[in-house]
Each structure stands twice: as C-alpha cells, then as structure tokens.
Amino acid sequence: MAADLEERIRELAKAELHQHVDGSIPAEVTWELMRHYRLNPVDTLDEMRRRLELQEGEEGTLLAYLDKMHYPLWITQFYENISQVTEAIVDAAAAAGVTTLELRYSPIIHTFAGLTPRQSIRAVLSGMNHASKRHRMRLGLIVIAMRQHGPHIAKILARQALAEAQHLHARTGVVGFDIAGPERGNPPRLFKSTYDIARLGHLGLTAHAGEDAEADYVWEAIDTLGATRIGHGCSAAGDPELIRRMARDKIVVECCLSSNEHTGAVKRGTRHPIHRFLEAGVPVALCCDNTTVSRTDQQRESVKAALEIGADAVEEIHRRAQSYAFIKPESALNETESDL
C-alpha cells in the first residue's frame with residue numbers, strides 16, 4: 001500500500017511555491033565547494049551534514065532552524081558559486097517531480113564579498129536559466145527582504161528586484177517579493193512602502209506571517225501589504241474571522257508540514273493547520289521551505305501530506321497550485337514581438 005502511494009505521488013506533476021535557496025543547497029554541493037576553498041570546518045561529509053541538517057533534539061524554535069543556514073553563506077558570496085548551487089537545487093526539485101518551481105532568496109546576505117544586490121539576484125537567475133535547459137519546468141524567483149535589516153534596505157531590494165522582473169525579459173526572472181526573518185517585533189505594516197513599490201512593478205506579493213507570531217501579523221500582511229499568498233500562516237488557523245476572509249478572497253497559504261514541526265510553529269503529533277484551511281475552503285500549496293535543513297523534498301512532503309489528508313486531496317492541491325504561481329507564461333518582450 002505504501003509503495004503504491006509513493007508511486008502515485010511520484011507520477012504527480014508538483015508545484016513548489018515556497019523553497020529557500022540558502023536552506024536547500026544539497027549538502028554534497030556545499031561540502032565540495034567548502035573543500036575546494038579549504039573552508040570546510042569538519043573532516044567528513046557526514047559531520048558537515050549534521051551542521052546543515054536539523055538534528056534530533058534541535059527542533060522547536062525558528063532561530064535554531066535558521067542557524068542551520070549559517071555555513072552555506074561561507075561559499076555563496078561569489079557569483080559562480082551562487083549560480084552553481086542554484087542549478088543543483090533545480091536539478092533536485094526536478095528529480096522530485098516538480099514542474100513549477102519558485103525559489104526565494106535574500107540577495108543582501110550574499111553581498112559581503114562585494115557583489116551588488118542586483119548581481120546577487122542575477123547569480124541565482126543565471127543558475128535557474130542554465131538548469132532550465134535540462135528540465136521542462138516553469139521557473140521564477142521571489143526576492144526576500146529580511147525583516148531585521150529594516151524597511152529602507154527592503155525598499156532598495158524591491159527596486160533591484162524590479163530591474164530583473166520576469167515580465168520585462170525573455171528569460172527566467174523575478175516574479176515576486178517577500179519578507180522573512182524574525183517575525184516578532186517586526187510587523188508587516190513597517191514594510192508597506194516596500195510592497196507598494198513591488199505592486200506597482202507588477203510583482204506577485206507574498207509574506208512570511210503567522211509562523212512565529214500571532215494572527216494579527218497575517219491580517220497586516222493581507223490588509224496593509226496586499227499579500228495574496230502567506231508563507232506558513234499557522235496562527236491564522238485559530239482566528240475564525242481571518243479564516244473566512246482568506247477563503248473569501250482566495251488568499252493562498254504556503255503550507256510547509258515538516259518545517260513547521262521543526263521550527264515549533266506546529267507541535268509534533270498535533271493536527272497541522274492545513275486541515276483547518278482545507279475544511280474552510282482556504283487555498284493551500286504544499287511546500288518544502290528548506291529541503292536540506294528539513295531533510296525533505298517535494299516527493300516526501302507530498303507523501304507526508306497524503307498520509308494525513310489523502311492522495312486525492314494532494315493531487316488536487318498540486319493541480320490548483322500551478323495556477324497560484326506568480327510565474328506568467330509570457331514576458332513583456334514576447335508580447336511586444338507578437339504585436340509587431
């Protein structure tokens with residue numbers, strides 16, 4: 001029975017709408033690059049894995065989870081390295097049956113060695129474009145502003161993201177904008193002007209909210225920022241009025257089952273909020289968040305979900321999620337060409 005479920009899910013065309021670059025670099029790739037530059041802090045790949053993947057006993061807080069992304073930053077400060085690790089991430093997603101992939105990435109934390117924010121963005125897009133030659137996938141990039149860096153840096157990143165917007169180019173580009181990082185004390189409303197810039201530039205709007213803060217942050221992300229998708233959104237499940245609002249306006253929740261358990265957003269063994277969202281008619285997407293940190297991929301996440309909500313429901317979620325993507329089939333350049 002389990003084998004039949006695995007195979008059924010394996011044949012499914014999957015949509016991945018919430019996956020971070022930093023936490024999804026295959027451990028082997030980080031290890032090889034570290035060894036190449038003689039930066040490896042340990043002597044074996046197994047030891048390195050323990051530093052990149054969340055271990056038993058380390059679960060339960062968002063900060064402990066985020067700390068696992070410390071080491072990859074040692075090697076993702078250089079254009080070619082960023083491009084290389086991105087290719088590896090896309091390859092791994094394709095192997096897990098993903099046909100629509102939106103990666104998300106914070107450019108500013110990859111500029112410590114001298115790259116500009118725009119070069120940092122272009123490095124990821126370079127890797128995505130190279131990988132697209134090998135896979136039949138819809139690809140797009142969501143640029144993240146980290147909350148702890150403040151609204152002014154966020155506005156700079158929104159403008160840099162617009163310069164690489166997919167709808168302005170005939171190649172893979174930026175399709176959306178996001179805020180992430182420590183939620184508490186950094187409410188979404190502080191980033192309103194940033195989201196105004198992104199909206200005017202026709203980028204899709206999503207926001208990490210309700211993962212490590214109350215439902216008020218989800219309300220703000222929707223009402224103040226205009227987000228049409230919410231990353232995690234776990235606390236929203238406890239607010240009946242918010243649930244009704246999200247169902248009415250078709251606000252998509254990017255659900256990350258394994259990650260939510262690892263960060264403590266959902267206590268292991270309890271019912272995941274995805275059940276409440278589905279019961280109330282709130283659209284959802286099944287997402288990995290960080291494949292390396294959480295030791296998962298879209299195949300594993302989909303099987304995990306199928307064991308809870310059934311394979312039919314998982315198939316329907318992925319089918320609908322294809323349309324929730326910010327990726328558009330045409331670019332402004334291609335539209336112009338067709339009009340000539």
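The values are calculated or read from the model by the stated rules, or taken from the named source; none is laboratory data. Please read these numbers as outputs of a predicted model, since none were measured by experiment. So basically every Cβ, Gly included, is an ideal-geometry build from the backbone, and we count neighbours across all protein chains shown. What goes into the accessible areas is simple: the full protein's heavy atoms, side chains included, and nothing from ligands, DNA or RNA. Shrake-Rupley method; radii C 1.70, N 1.55, O 1.52, S 1.80 Å.
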Based solely on its DSSP helices, what 222 nm [θ] is calculated for the chain when runs of n ≥ 4 H residues each add -39,500 (n - 2.57) and the sum is averaged over all residues, nearest 500 deg cm²/dmol? -13500 deg cm²/dmol
Set Lys and Arg Cβ to +1 and Asp and Glu Cβ to -1, take the dipole of the chain about its Cα centre, and tell me which of G233, A88, L73 lies farthest positive. L73
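At 0.36 nm per residue, minus the direct Cα-Cα distance, what do T44 and R10 gain on full extension? Give it in nm, one decimal, please.
9.1 nm
Probe of 1.4 angstrom, ligands and nucleic acids ignored: what's the accessible area per residue over the chain, in square angstrom?
43 Å²
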For the pair R189 and D312, the simple spin-label estimate (label points 7 Å beyond Cα toward Cβ) gives in nm 4.5 nm
Between E279 and A3, 0.36 nm times their residue separation minus their Cα-Cα distance comes to what? 96.6 nm
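Over the range 30-83, what percent of the accessible surface lies on carbon and sulfur atoms, probe 1.4 Å?
So the carbon and sulfur contribution to the accessible surface is 47 percent.
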Just give me a number: lysine pairs in the chain, eight or more positions apart or cross-chain, with C-alpha atoms less than 24 Å apart. 12
Determine the shape class of the chain: with a ≥ b ≥ c the square roots of the Cα gyration tensor eigenvalues, call it rounded for a/c under 1.5, and otherwise prolate if a/b is greater than b/c, oblate otherwise. rounded
Using 7 Å Cα-to-Cβ label points, what is the W74/D223 separation (nm, one decimal)? 4.6 nm
With a 1.4 Å probe and every protein chain left in place, tell me how much accessible area Y324 has, in Å² to the nearest 10. 50 Å²
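With a/c under 1.5 counting as rounded, go ahead and sort the range 223-268 into rounded, prolate or oblate using the C-alpha gyration tensor (a ≥ b ≥ c being the square roots of the eigenvalues; past the cut-off, prolate if a/b is larger than b/c, else oblate).
Judged from the Cα gyration tensor, the range 223-268 comes out prolate (a/c at least 1.5, a/b above b/c).
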With label points set 7 Å from each Cα along the Cα-to-Cβ direction at R271 and R295, the distance between them in nm comes to 2.9 nm
Accessible-area order (highest first, 1.4 angstrom probe) of the listed residues Y195, Y217: Y217, Y195
Would you mind pulling out the separation of the Cα centroids of the range 225-283 and the range 58-100, in Å? 24 Å
